[in-house]
Each structure stands twice: as C-alpha cells, then as structure tokens.
Amino acid sequence: MKKLTVAVLMLGCLSGEALAHEAGEFFMRAGTATVRPTEGSDNVLGMGGFSVSNNTQLGLTFDYMVTDNIGIELLAATPFRHKVGLGATGDLATVKQLPPTLMAQWYFGDAKSKARPYIGAGINYTTFFDTDFNQTGKDAGLTDLSVKDSWGAAGQVGLDYMVNDDWLLNMSVWYMDIDTEVKFKAGGEQQNINTRIDPWVFMFSAGYRF
Ligand code: NI
C-alpha cells in the first residue's frame with residue numbers, strides 16, 4: 001500500500017491540472033477495507049451476547065458519475081473473516097461474509113475541484129458462509145452453525161483527492177445496518193440468536209479513472 005501511494009504521488013508530479021468526476025465518467029478504487037462491528041445479540045445460553053472481531057480485506061469500488069455531482073457506486077471486497085465468541089468462553093467460531101453495497105452519492109464541488117468530498121446512501125446485502133465452530137465450540141457440544149443473510153440501509157462519507165487527471169486518493173467511512181439470526185444446536189437443542197453486526201467500515205484506497 002505504501003509503495004502504491006508513493007507511485008501515485010510521483011505520477012501526480014508529472015502532470016498538470018486535475019479534472020475529475022464529470023458526467024459520464026467511470027472510475028474505480030482499490031485499497032484496504034476494515035470492518036469494525038458494533039455488535040450485540042440476544043443472550044446466548046445465559047452467557048451474554050456474541051462478540052465479533054474486526055477484519056481487514058481488499059476493498060474495491062466501481063463508480064459512475066451520472067452528473068458532475070451525482071454518482072452511483074458499487075462496493076465489493078474479498079471475503080471478510082470474523083471470529084465470533086462469548087466473553088466467558090473466548091472464540092467459538094469463524095464466519096466469512098461478503099457485503100456488496102450499492103450507493104447513490106452526492107459529490108460536493110465541481111469537475112475542476114481537486115478535492116471532492118461526498119456523502120452517500122444506499123442498500124447493503126450481506127451473505128454469510130463458511131460458518132464453522134472451532135475446537136472450543138465443538139468441545140462445548142455446539143453444532144450446525146448457520147448465519148442468515150441480511151438486507152439493510154447503508155450511509156457513507158468520503159473524500160477523493162485528485163492527484164492528476166487519472167489518479168486519486170480516497171478515504172471513506174461507511175455505516176451498514178446488518179442484522180442477522182445465528183442458528184446452531186447446543187447439545188442437540190436448536191438455538192436462534194438475533195444478532196446485530198451494524199459495522200463501521202473504513203476504507204483507504206487509490207482510484208483510477210477511465
Ligand atoms: Ni441494525
């Protein structure tokens with residue numbers, strides 16, 4: 001990531017005035033996306049709510065400018081991997097998820113601005129897979145783990161800084177409403193636990209426009 005940033009800054013010095021985010025323009029960004037759940041859940045077997053660990057993956061956005069100020073954006077990423085546990089037991093399971101998100105955005109400034117702050121609102125779909133209890137979970141008699149997919153609203157704020165005509169640097173923060181049901185069996189008895197993930201997602205990326 002450091003090398004990429006340096007390379008982008010060097011490219012920036014070689015060219016003149018930056019123009020960006022004009023109607024009809026397509027660009028994409030790539031960088032780190034960190035999911036930090038603000039989790040909470042129903043009481044699990046009398047031991048309190050689930051904890052869900054943070055995770056960082058490769059984040060990608062695909063963006064299209066409808067006008068000089070209105071954009072639409074699709075967020076994609078490599079699968080996030082979270083450890084799920086309880087305060088009393090520590091980690092019990094790992095869960096992977098993908099949270100594709102479609103946003104409508106408003107970019108402040110105009111096509112000649114070097115800095116384009118923006119806000120967005122949209123919809124998130126999160127699908128969970130590879131849900132497995134670890135040895136601690138198995139030893140506790142837990143089996144048959146599954147996590148229900150979620151639809152919810154998403155909001156974001158971000159900033160694009162145009163380095164030159166083609167390259168930009170970006171930081172953005174998202175809030176996603178992700179609520180699910182965690183299902184498993186404890187000693188053969190079915191458990192359905194309403195669980196709130198509702199993460200903040202922090203992204204640092206470099207972007208290229210076509
Ligand atoms: Ni929620």
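The values are calculated or read from the model by the stated rules, or taken from the named source; none is laboratory data. Bear in mind the structure is a predicted one, so any value in this text is a computation, not a measurement. All Cβ positions, glycine included, derive from the backbone under ideal geometry; neighbour counts span all protein chains shown. All accessible areas refer to the heavy atoms of the entire protein, side chains included, with ligands and DNA or RNA removed. Shrake-Rupley method; radii C 1.70, N 1.55, O 1.52, S 1.80 Å.
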Inset, instruction - Residues being part of a loop (DSSP other than H, G, I, E, B) and either of a type outside the set (Asp, Glu) or open to solvent by less than 30 Å² (accessible area, probe 1.4 Å) (or both): count how many of those fall in region 67-83. - result: 4
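Quick grid of which residues meet (1) open to solvent by less than 40 Å² (accessible area, probe 1.4 Å); (2) within 25 Å of Leu75 (Cβ to Cβ):
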{"site": "Asp132", "(1), (2)": "no, no"}
{"site": "Thr136", "(1), (2)": "no, no"}
{"site": "Asp149", "(1), (2)": "no, yes"}
{"site": "Ala154", "(1), (2)": "yes, yes"}
{"site": "Gly158", "(1), (2)": "yes, yes"}
{"site": "Ile178", "(1), (2)": "yes, yes"}
Legend entry - Out of Ala111, Ala93, sole residue that is under 21 Å from Val44 (Cα atoms) and small (Gly, Ala, Ser): Ala93
Inset, instruction - Give Leu169, Leu102, Leu145 a once-over and let me know the one that is at pLDDT 95 or above, farther than 19 Å from Glu73 by Cβ, of a type outside the set (Asp, Glu) and in contact with a strand residue (DSSP E or B) (Cβ under 9 Å, 6 or more places away or on another chain). - result: Leu145
Inset, instruction - Among the candidates Tyr161, Tyr125, Tyr118, single out the residue that is within 16 Å of the ligand (Cβ to nearest atom), at pLDDT 95 or above and in a strand (DSSP E or B). - result: Tyr125
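Mind checking whether some residue in region 202-210 is among the basic types (Lys, Arg) and either open to solvent by 70 Å² or more (accessible area, probe 1.4 Å) or within 16 Å of the ligand (Cβ to nearest atom) (or both)?
No, there is no match, as no residue in region 202-210 is among the basic types (Lys, Arg) and either open to solvent by 70 Å² or more (accessible area, probe 1.4 Å) or within 16 Å of the ligand (Cβ to nearest atom) (or both).
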Inset, instruction - Just need a number here: residues in region 24-46 that are within 30 Å of Asp165 (Cβ to Cβ) and assigned to a loop (DSSP other than H, G, I, E, B). - result: 2
